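Everything on this sheet refers to the single structure shown next.
The values are calculated or read from the model by the stated rules, or taken from the named source; none is laboratory data. Just so it is clear, the model here is predicted, and its values are computed rather than measured. Cβ sites come from the backbone with ideal geometry, for glycine too, and all protein chains shown count toward neighbours. Areas reflect the complete protein model, heavy atoms only, side chains present, ligands, DNA and RNA absent. Shrake-Rupley method; radii C 1.70, N 1.55, O 1.52, S 1.80 Å.
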Amino acid sequence: MVGPVAPATSALPRLDPGVTSPGAGLSRDAGEVYGGALTEAERARILAKSALFDPPPIALPDGRRELVGLSRTELAAELAAIGEAPFRTKQLWHWIYHQGVTDFSRMSSIARPLQAKLAERFVIGRPDTVIAQTSEDDTRKFLFRFRDGQEAETVYIPDPEEDRGAVCLSSQVGCTLSCRFCHTGTQTLVRNLGAAEIVGQFMAARDAYGEWPSPKGETPRLLSTIVLMGMGEPLYNYANVAKAMTIVMDGEGIGLSRRRITLSTSGVVPMMDRAGAELGVNLAVSLHAVRDDLRDELVPLNRKYPIAELIAACRRYPGASNARRITFEYVMLRGINDTEADARELVRLIAGLPAKVNLIPFNPWPGSAYQTSTRPAIEHFARIVNDAGFAAPVRSPRGRDILAACGQLRTESRRDAARRAAAE
Ligand code: SAH
Ligand code: SF4
């Protein structure tokens with residue numbers, strides 16, 4: 001989660017135990033070239049490891065099955081299995097994702113007996129909202145609980161000037177990576193979120209704002225963009241993330257354009273190619289350092305996929321253009337990565353790329369090894385990047401007042417859930 005938290009100074013980077021083998025797995029092989037058979041094998045390995053963290057199958061104690069999160073093909077198969085005609089798939093899809101209906105009895109184009117039959121076998125669920133808090137700047141943070149009691153946060157960040165805003169979705173509970181400045185990085189990966197849970201976060205946020213039916217075409221939307229920047233590394237849960245985004249982009253349902261979706265990665269190079277080719281969503285890359293020695297420390301995944309490979313993957317990213325620039329995220333850490341030399345090296349690294357740089361002032365946390373860069377340092381850095389022809393907005397923190405409080409509440413809530421589960 002983009003939180004005001006960083007790990008304690010003492011912790012050595014925790015090496016990605018779920019997805020790579022520590023030690024040898026993170027060694028850098030200068031000869032490795034991404035794009036051939038080696039990449040395919042690497043991708044297969046990542047996908048296989050990710051699958052080990054998949055959520056339990058969704059079935060209620062009474063045997064009813066969840067329809068949210070199924071692909072169209074899967075939905076068709078469920079309906080075929082109960083003897084319903086293929087055209088019902090389109091009908092249900094419309095009610096679930098266009099109308100946002102969760103109650104079969106409200107599906108007016110479906111006759112009563114079939115409504116009852118569907119309700120006996122299926123549910124159209126949402127995660128439970130444990131906490132919804134609104135910041136003084138109107139940013140809203142949700143703590144959602146899923147069927148097995150696991151929880152994740154979702155944040156809605158409204159545009160202060162217009163009736164639109166970004167929904168920041170989580171892709172995992174915890175994270176296998178351990179970026180030194182990130183709160184999520186101090187938690188071990190609990191599990192991946194399933195497609196139903198990823199789409200469910202968005203649908204539940206839409207419920208909270210009453211934004212149903214899904215606005216069509218260019219009709220303005222309050223929840224107008226999705227950023228996969230919440231808890232977890234989306235490219236280490238690619239299968240579920242891809243399925244969820246395919247559902248969200250479907251024109252007969254939620255119908256959000258791929259141009260309105262941004263996936264943020266800490267740099268899982270082999271999966272960047274796949275995400276670009278299959279989903280075509282916007283890409284954001286958490287760069288944070290321009291030298292391998294420093295990035296190895298801040299973003300330990302850099303030991304596996306160093307800066308040169310990361311930038312090469314950005315250069316290959318399909319669909320990147322001046323209209324659809326790659327975003328480089330750069331957390332400003334005082335005295336660590338914020339010098340003029342860093343700014344100049346950054347510009348050199350991304351030269352020729354259709355890119356912009358989001359400068360994110362770090363939110364310090366008691367006990368953290370880092371401090372936010374000074375305002376003059378941030379401005380000087382931004383000016384150098386800007387003068388080189390790249391937009392370099394300084395991201396003002398949103399919802400800061402509730403982020404701090406909510407980070408703690410969330411921890412409490414997880415403990416409560418665990419205790420309750422143990423007691424049951
Ligand atoms: N795992 C993905 C997406 C989630 S993090 C990734 O790393 O890109 C979304 C962004 O928030 C990343 O750029 C991350 O580096 C940044 N971030 C994490 N902790 C932060 C903090 N304490 N202050 C500011 N930004 C932070
Ligand atoms: Fe945090 Fe993203 Fe790093 Fe995971 S990959 S620890 S979510 S910054």
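Quick one: in the range 123-144, of everything that is outside any strand (DSSP E or B) and farther than 25 Å from Ile58 by Cα, which residue is nearest to the chain's Cα centre (by Cα)?
Thr139
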Residues that are within 16 Å of ligand 2 (Cβ to nearest atom) and among the small types (Gly, Ala, Ser): find the helices (runs of 4 or more DSSP H) completely inside the range 271-365 holding 3 or more of those.
none
In this structure, is Glu151 within 16 Å of ligand 2 (Cβ to nearest atom) and among the charged types (D, E, K, R)?
yes
Which one is most open to solvent (accessible area, probe 1.4 Å), of the residues in the range 163-182 that are more than 14 Å from Val199 (Cα to Cα) and either without any contact (Cβ under 8 Å) to a residue 24 or more places away in the chain or away from ligand 2 (no atom under 16 Å from the Cβ) (or both)?
Asp163
What is the residue count in the range 237-261 for residues that are within 13 Å of ligand 1 (Cβ to nearest atom) and farther than 23 Å from Phe142 by Cβ?
1
With Arg420, Arg344, Arg316, Arg348 as the choices, which residue is farther than 30 Å from Phe144 by Cα, at pLDDT below 95 and away from ligand 1 (no atom under 16 Å from the Cβ)?
Arg316
Quick one: in the range 383-399, which of the residues that are more than 26 Å from the chain's Cα centre (by Cα) and not in a loop (DSSP other than H, G, I, E, B) is farthest from His288 (Cα to Cα)?
Asp387
Could you go through the range 140-162 and let me know if any residue there is open to solvent by 20 Å² or more (accessible area, probe 1.4 Å), touching an Asp or Glu at 6+ places or on another chain (Cβ under 9 Å) and within 16 Å of ligand 1 (Cβ to nearest atom).
yes
When the range 215-230 is examined, which residues are found to be part of a loop (DSSP other than H, G, I, E, B) and in contact with a Phe, Trp or Tyr (Cβ under 7 Å, 6 or more places away or on another chain)?
Leu222, Leu223
Would you tally the residues in the range 89-107 being in contact with a Leu (Cβ under 7 Å, 6 or more places away or on another chain) and under 15 Å from Glu74 (Cα atoms)?
4
Within the range 183-214, considering residues that are within 16 Å of ligand 2 (Cβ to nearest atom), outside any loop (DSSP other than H, G, I, E, B) and touching a strand residue (DSSP E or B) at 6+ places or on another chain (Cβ under 7 Å), the one nearest to Arg72 (Cα to Cα):
Gln201
List pairs: first residue in the range 231-256 and in a helix (DSSP H, G or I) and open to solvent by 20 Å² or more (accessible area, probe 1.4 Å), second residue β-branched (Val, Ile, Thr) and away from ligand 2 (no atom under 16 Å from the Cβ) anywhere in the structure, Cβ distance under 8 angstrom, at least six positions apart or on different chains.
Met249/Ile261
Taking the range 276-294 only, how many residues are out of contact with any Ser or Thr (no Cβ under 8 Å at 6 or more places or on another chain) and either open to solvent by 30 Å² or more (accessible area, probe 1.4 Å) or more than 15 Å from ligand 1 (Cβ to nearest atom) (or both)?
7
Would a scan of the range 271-290 turn up a residue that is under 25 Å from Val394 (Cα atoms), modelled with pLDDT of 95 or more and over 22 Å from the mean Cα position of the chain (by Cα)?
yes
So which residues in the range 183-230 are modelled with pLDDT under 90, touching a Ser or Thr at 6+ places or on another chain (Cβ under 8 Å) and open to solvent by 30 Å² or more (accessible area, probe 1.4 Å), if there are any at all?
Thr186, Thr188
